[in-house]
Structures are given as structure tokens and as C-alpha cells.
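Student: For reference, the structure I am asking about is given below.
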Amino acid sequence: MPEISLAEVDTAWNALCKQNSEYFDGEIVHVLHVNRTGCGGAIVQCARTSYRFHAVGNLGITPLGVKGICMQDDKILCGLRGKKMCVYPAMWEFAPAGMLEPNQKPEDTIARELEEETGLMLSAPPIAIALFFDKEVQTWELVFRLSVIGTSQCDGTEYESLGWFDINSVPMPISPPTERMKSLL
């Protein structure tokens, strides 16, 4: 991997922020190693880093993300990602999704993302059902099944639209992680 200076990272980061002023440059969890336990579980070793080091790309940063599968009355909540989003713009995905920040539990992160991105609330604790690697954006994704209450709404920032869909009628195009997650239903 070629070396890149902090000045080059800053230049690349500033260019991204000009495209989308909503970028968050806080600390995130960087996955150093994942060891499958052989019993359906995994041990994940992590460290802190700044989101900008992942966003500018090609620096070897592999964040730990959280993704939710919300179901109500045999329907699944999907969100159309904004056109200015760095990852999978203008594609549909199961909502919500986000990145884990240091010193936060994944369960708390997915609950916060659910409320922020969809306006929904948990009606029961989230249940972790999968961990997979997204090769396209170099992130580990912890997937939760979510029982929710409320009416979905979006502010147009992360998602341009939200809707409840039958699993056989999920709108297209869908993101590659969403395609993988369909097998969990």
C-alpha cells in the first residue's frame, strides 16, 4: 500500500466535504482482526480511528458498521440513499445503517441510527444475526433484526425516501450488502 501524507489525506477529505457537507469526521471503530469461533460467533479486535481515514479510501481502514432489518406486518423497511452519499448513492438498502463509534455498544448504535434515520423506536432489544465483510467499501457489518414501533419518516439527509416493502418487491437498484442480507430473512 503506497504511503500517503496527512496533507494528502486532508486535501482528499476537504474535496469530499465540498461534495457533501454532511460528512461526519468523528472517531469510528476500525476492525483489526475477526476470528470466527466456530459456534456461530466471532471475536472482533478493534482500534480507534477517524472517519476521514476510511472515507478518503485506500488506507487500509476497515470500520465496523451496523445494519438493521426492520420488519412490520411482513414488510421490510428500505431507504433510498441520498445522491450525495459516499457509499452506494441512489441505491436502496435495508434501513437503518451506521458506523460504530468507540466506547459505544453496537446495540446502542443501531438504536440511535434507527431513531435518527427513520424516526422509529425499538419495541424490543435488537438481535444480532450476522457479521459479514463488505468487499466493495471495506467494512465489517454487524446485522441486527429490529422490532420497531412508530411511523417511519426521513429528513432527506441520509435517505431520500423510506418505505415498507414485501421481500419479493424490494425496489431496485439495491446495494450489494442488502442483496447479501436478503438471505437472512
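Rule-based calculations on the coordinates, nothing more; no lab input. Keep in mind the model is a prediction, meaning the values are calculated, not measured. Don't worry about glycine lacking a Cβ; one is built from the backbone with ideal geometry, like all the others, and counts go over all protein chains shown.
Student: For the stretch 18-102, what class follows from the C-alpha gyration tensor (a ≥ b ≥ c being the square roots of its eigenvalues): rounded when a/c is under 1.5, otherwise prolate if a/b is larger than b/c, else oblate?
Tutor: Judged from the Cα gyration tensor, the stretch 18-102 comes out oblate (a/c at least 1.5, b/c at or above a/b).
Student: Provide THR62, THR49 in ascending order of the number of other Cβ atoms located within 10 Å of each residue's Cβ, fewest first.
Tutor: So the residues, fewest neighbours to most, are THR49, THR62.
Student: How about LYS67: which lysines have a C-alpha closer than 21 Å to its C-alpha, ignoring those fewer than 8 places off in the same chain?
Tutor: Within the straight-line limit of under 21 Å, LYS67 reaches these lysines: LYS75, LYS83, LYS84, LYS105, LYS135, LYS182.
Student: At 7 Å along Cα-to-Cβ for each site, give me the label-to-label distance between ASN168 and SER50 in nm.
Tutor: The two pseudo-label positions are separated by 5.1 nm.
Student: Report relative contact order for the stretch 76-185 in percent, whole number only (criteria: Cα-Cα under 8 Å, sequence separation at least 6).
Tutor: 32
Student: Note the listed values [x] 22, 18, 17; [y] 54, 18, 14; [z] 27, 20, 15, then indicate which one is semi-axes √(5λ) of the Cα gyration tensor in Å calculated from this particular structure.
Tutor: After the calculation, the listed value that fits is [z].
Student: Express in nm, to one decimal, how much length is gained between LYS135 and LYS105 on full extension, taking 0.36 nm for each residue of separation and deducting their alpha carbon distance.
Tutor: Computed gain between LYS135 and LYS105 is 8.4 nm.
Student: Sticking with this structure for a sec: Is the stretch 137-178 rounded, prolate or oblate when judged by the Cα gyration tensor, a ≥ b ≥ c being the square roots of its eigenvalues, rounded requiring a/c under 1.5 and prolate requiring a/b larger than b/c?
Tutor: Since a/c stays below 1.5, the shape of the stretch 137-178 is classed as rounded.
Student: Looking only at TRP13, TRP140, TRP92, which one moves most when the chain is put into a Gaussian network model with springs between Cα atoms under 10 Å?
Tutor: TRP13
Student: A follow-up question, please. Report the local net charge at LEU80: Lys and Arg +1, Asp and Glu -1, summed over other residues whose C-beta lies under 11 Å from its C-beta.
Tutor: Counting the neighbours of LEU80, the net charge comes to -1.
Student: Work out the length of the dipole vector of the stretch 6-184 about its Cα centre, built from +1 on the beta-carbon of each Lys and Arg and -1 on the beta-carbon of each Asp and Glu, and round it to the nearest 20 debye.
Tutor: Once rounded to the nearest 20, the dipole reads 440 debye.
Student: Once the Cβ-Cβ distance between LYS83 and ASP25 is put in as r, and R0 is 22 Å, what FRET efficiency do you end up with, to the nearest 0.05?
Tutor: Working from the Cβ atoms, E equals 0.60.
Student: Which loop GluC sites (Glu not before Pro) in the stretch 1-82, with loop taken from DSSP, have no more than 16 other Cβ atoms within 10 angstrom of their Cβ?
Tutor: Within the stretch 1-82, the qualifying GluC sites (Glu not before Pro) (loop, at most 16 other Cβ atoms within 10 Å) are GLU3, GLU22.
Student: Which whole-number percentage describes the relative contact order of the chain, with Cα contacts under 8 Å and a sequence gap of 6 or more?
Tutor: That works out to 21 percent.
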